[in-house]
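Each reported figure results from applying straightforward, stated rules to the coordinates on display, with no laboratory input. No experiment lies behind these values; they were computed from the predicted model shown. Cβ: placed from backbone, ideal geometry, glycine included. Neighbour counts: every protein chain shown.
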Amino acid sequence: MNKFTFVRVDSPDAAIAELDEHYSPKFIAGGTNLLDLMKENVECPDHLIDINHLAFNKIEDSPGGGLRLGALVTNADTAWNQEVEKRYPLLSQAILAGASPQLRNMATNGGNLMQRTRCYYFYDTATPCNKREPGSGCSAIGGYNRILGILGTSEQCIATHPSDMCVALAALGATVNVTGKNGNRIIPFADFHRLPGDRPDLDNTLDAGDIVTSIDLPNEDFTSYYKYLKIRDRASYAFALVSVAAALKMEDGKIKEARLALGGVAHKPWRSNEAEVLLAGNTANKDSFEKAADVILQGAKGYGDNTFKIELAKRAIVRALTEAAGLEEQA
Amino acid sequence: MSLLQKVGVSAENLEPQETGKYIGKPISRVDGRAKVTGNAKYAAEFNVGTGILHGFVISSPIAKGKITAVNIRQALSQKGVLTVFTHLNVPGLAWFDRSYRDQDAPPGGSPFRPLQSDEILFSQQPIALVVAETFELARYAATLVHFEYEVKEELSVGLEQNLDKAKKPEKHRFPVPKPRGDAEKALKESAFTVEEDYYHGYEHHNPMEMFASTVIYGDDDRLTIYDKTQGVLNSQSYIKSVFGLSDDKARVISPFMGGGFGSGLRPQYQLYMAVLASLELKRSVKVVLTRQQMFSFGHRPATLQKIALGASADGKLQAIINKCVSETSTFEEYTENIVNWSGQMYQCDNVLLDHQLVPLDLYTPLDMRAPGGVTGMYALEIAIDELAVKAGIDPLEFRLMNYAEKDQNLDKPFSSKELRECYRQGAERFGWSKRNPQAGATVEGNNLVGWGVATGCWEANQMPSRAKAMLSADGKLTVGCATADIGTGTYTVMTQIAAEVLGVAMEDVLFKLGDSVLPMSPLQGGSWTMATVGSAVKLVCDDMKTKLFKLAKQLENSPFSNIKEEDVIFSDSRIQLKADTQKYLTFSEVLQKSEVNYLETDTTSLPNMLEQNKYSRFTHSAVFVEVKVDKDLGTVHVTRVVDAVAAGRIINTKTARSQILGGVVWGISMALHEDTVMDNNFGRFMNHNLAEYHVPVNADIKDIDVIFVEEHDDIVNPLGVKGLGEIGIVGVAAAVSNAIYHATGKRLRNLPMQLDQLL
Ligand SMILES: Cc1cc2nc3c(=O)[nH]c(=O)nc-3n(C[C@H](O)[C@H](O)[C@H](O)COP(=O)(O)OP(=O)(O)OC[C@H]3O[C@@H](n4cnc5c(N)ncnc54)[C@H](O)[C@@H]3O)c2cc1C
Ligand code: SF4
């Protein structure tokens, strides 16, 4: 870990002003990801800007009738918030499937969006990694890649975004509110994270120094038929090998509207419009679920150790949709 | 100090009825309060005096090659950085390999010498120590040291990729028995056969506490070293021989250990580094490894066992073949007892065993809880299950049909073996008789339910050990021995034994350990501490009784003047007449009336090898496991475990149960989770942190039921105990695999059994 200076700010303007004064500044919220990366010399900021005292610390109604989650509200407070539990239970389920109670008590919503991949090589400066050091090569391709991506990968990087929360946010069609040097922006969730392509060093579409202020959940009713299914190598406190956020609107055993997103498989939460369209209007049964799974997994590619994820994802999608539709009791 | 030191095999055995006031009771740890309140100090927590320096180790990013250049200028330019030790500036130390060979070093070979050569032998090899005024500064300065390397590209790191290099070890710590009968022929003639490969990969100990050494540089260049170790004397003798120090110049102290599991059986390199820096700088120095660096030394070796079994039409074992290949480093030959169990567990006249080693570009493997046993038994016990299925016999019944009444490897009877009773009591508690013999037939919602059984076995050894005792005029007893408490409860059980034998209250006993000035004991490992140190404590307290009685007899108007020691009892801090318990003297009275401040005694307890060698001495267990396997997703949950253990006398039913619980949890971990992942291109373990190196969390562990089966053993040691540190883990992984087979019809032979093997 390198030497750094530290400042606590209480307004976005002050935070942004700090940026110009330093060579490699970083915001710090809960610190649960950033500090680990600093200890490994993966992140080496010369200046930490503590944003925990910014006013984005509430959960409140959003202008569109939905709910606004402050970027600095903790994952725990979000998951256990009564409005979230009542109106967006899928999100609560997803958050609680992640990390551990201790981590969720520290981790913030903004930090969760911004957390970096858990690719082993990214974490180990002794090995080449295009995400950490552009142009150095990708050690995971041809190396050990059990936990890495099968969809939307590139020859440069096959990393996954490790978040659970974000998979639910993608399914629910959230938007991300951002402020920065160039003013405020609203980013649809699907456009927030990006695919690695030939710039694996970029996880998302934020500009340098942008601050996530809040996340808006649209006013939609996915409160009756939903499931966040997370499959991992131990019962808790492990990142997803594959996760599925499924949410349905149902009428007389038929699917009126479907949302389907996958975690643990790509550089971003993987949502497929095509699969959702295919489900809509269909009877909720294994056959239609399998078809949807085939569509969302189109083009999936295994890299050896992680090839099993293709079959696993298919089965997980069927299971999650089955449980979401209420055809089976939730496990 | 008494001049005449008593050396002996211990006066007599502990009587069965001596399951008295303390022995055999569920007594809470005497150090429990200190531990949960943070008063128990660990090696890195000794901040004696001010001005202690901090060393940070730099680990090699490459696995093989040479260091061609080092630049420490930038690091040294930081204010507060004192120096950087590398192979270029380390002083000349001991010359011969034997000086570096500690008590747990493999026989032969050349132990690794940190910072003494430009050669890189394994990834994460320590290549420099940065010493600074604070830990943070040392860690930062470490990023400013620049190395250049000449990388050797051809690496041997994967066991399975290098099987062609397998060869017989020159010296096996556990010689493989010669073949008996003709196993290959018997196999051919068998009605049922199983021939399969069983593999498990690298595993690391990962105790919660990182390896750490705090070296206090004292007057006259005396070093007081707080070290994380399972043997203070091992650390001390290593330091003495490597740095050429005399006994009184290096004292090693280790009162508590945040988990050992074998990782502290050899001095780890932070000790060497801290002592080196302290001697060179003449300052106190602390070196603590990082979690990543906890993957830079010994590990459980990757192992491949090729097992072939044959049974007759009526289910009698006819042939056992186990040909095993495991890994070692390029500089030492690490061997463990993997295959011998295959020749010992079951009655079989045709056995062929073989064990070869493949040298890899890794650090030497290291004993890890039930080393070899847990490996050999997992493969054998799956194979036995497979054979039982083929023969159409219930797997428990099959084991009973082939029960070994004597140890055919050694051609000796067992000193005691209540394994049959373990099977019976375990089966009854588990409900084995209700098992549906059909695999894949029990369904609960999306889950397939399976039941499996396996046998566990571990050695019951006793080693020589010394102990000393001091009884003071206020009636307090202090007993000391240089052993360790690695979390097992040594403090507590030794206090119990001393209190019981001398007849004092536990509150009046202080047991001291983990200090090289205390009397000799062997390393704390091998499940022998209870037997070894326990016997020494018993002996020293027996000797104290004799001394005390002698003193009492000499008193004026002594009630015991014409009495023999056999005719009194020691109880409630009194010597009292057996015939008339109202006639007594308290211990304090004896000392005070004799005008003696304290009584001291120092004894050496030796195992009765003459007698013990006539027998084969082992602990046994039967493990029953229930699993639920998701039929589509392959996720496995161990929902129920019953472990029935026959381990001789149980001194403390609470700490004993904890040992078995911990062992079973680790067995589940080995079965389903633990796996250090190797990148074959870089020769580097990649998941070197506890987020990615998985051990079970609470949600993975459900019901565990421990049964201690009564077992009487007069041979193993005077206490009749067998040790419990390792038996709990043995057999669990096999039982899980067998249960998965019963649930799904799929046979898994590779550890860990992760869900992708079941898709
Ligand atoms: C052992 C372990 C297990 C875990 N398991 C899971 C899991 O199973 N599932 C899961 O989803 N997560 C898991 N996590 C990740 C955890 O959810 C994230 O670490 C956490 O959400 C990050 O939030 P934070 O506030 O601590 O971020 P920080 O560490 O403070 O920051 C992370 C990054 O985000 C940036 N940042 C923070 N806030 C903002 C903002 N408002 N605007 C712009 N940039 C910002 C920081 O500059 C930094 O680069 C795990 C973490 C650990 C350590
Ligand atoms: S997958 Fe991406 S993060 Fe991992 S090594 Fe390759 S480039 Fe780096």
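Brief remarks follow.
Results for (1) in contact (Cβ under 8 Å) with a residue 24 or more places away in the chain; (2) assigned to a loop (DSSP other than H, G, I, E, B); (3) β-branched (Val, Ile, Thr), shown as yes or no for each residue.
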| site | (1), (2), (3) |
| --- | --- |
| B:Pro365 | yes, yes, no |
| B:Val374 | yes, no, yes |
| B:Glu386 | yes, no, no |
| B:Lys390 | yes, no, no |
| B:Ile393 | yes, yes, yes |
| B:Arg399 | yes, no, no |
| B:Leu410 | yes, yes, no |
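- Selection over region B:705-742 of residues that are under 24 Å from B:Val629 (Cβ atoms), of a type outside the set (Gly, Ala, Ser) and surrounded by 19 or more Cβ atoms within 10 Å (Cβ to Cβ) gives a count of 8.
- Restricting region A:185-216 to residues that are more than 27 Å from A:Leu148 (Cβ to Cβ) and away from ligand 1 (no atom under 13 Å from the Cβ), the residue that is surrounded by the most Cβ atoms within 10 Å (Cβ to Cβ): A:Asp216
- Some residue of region A:229-239 being crowded, with 24+ Cβ neighbours inside 10 Å, within 16 Å of ligand 2 (Cβ to nearest atom), within 29 Å of A:Tyr120 (Cβ to Cβ) and within 14 Å of another protein chain (Cβ to nearest Cβ): no
- Enumeration of residues in region B:606-657 that are touching a helix residue (DSSP H, G or I) at 6+ places or on another chain (Cβ under 9 Å) and within 14 Å of chain A (Cβ to nearest Cβ): B:Val627, B:Lys628, B:Val629, B:Asp630, B:Lys631, B:Asp632, B:Leu633, B:Gly634, B:Thr635, B:Val636, B:His637, B:Val638
- All conditions in (1) closer than 30 Å to A:Pro128 by Cα; (2) within 14 Å of chain B (Cβ to nearest Cβ) hold for A:Trp270, with the sole exception of (2).
- If you go through region A:100-128 and pick out every residue that is of a type outside the set (Asp, Glu), within 14 Å of chain B (Cβ to nearest Cβ) and in contact (Cβ under 8 Å) with a residue 12 or more places away in the chain, you end up with 15.
- Filtered residue count, region B:186-216, keeping only those that are of a type in the set (A, V, I, L, M) and either in contact with an Asp or Glu (Cβ under 6 Å, 6 or more places away or on another chain) or assigned to a strand (DSSP E or B) (or both): 4
- Scanning region A:161-175 turns up no residue that is away from ligand 1 (no atom under 16 Å from the Cβ), surrounded by fewer than 24 Cβ atoms within 10 Å (Cβ to Cβ) and among the β-branched types (Val, Ile, Thr).
- Selection from region B:689-701 of residues that are within 9 Å of another protein chain (Cβ to nearest Cβ) and under 15 Å from A:Asn145 (Cα atoms): B:Glu692
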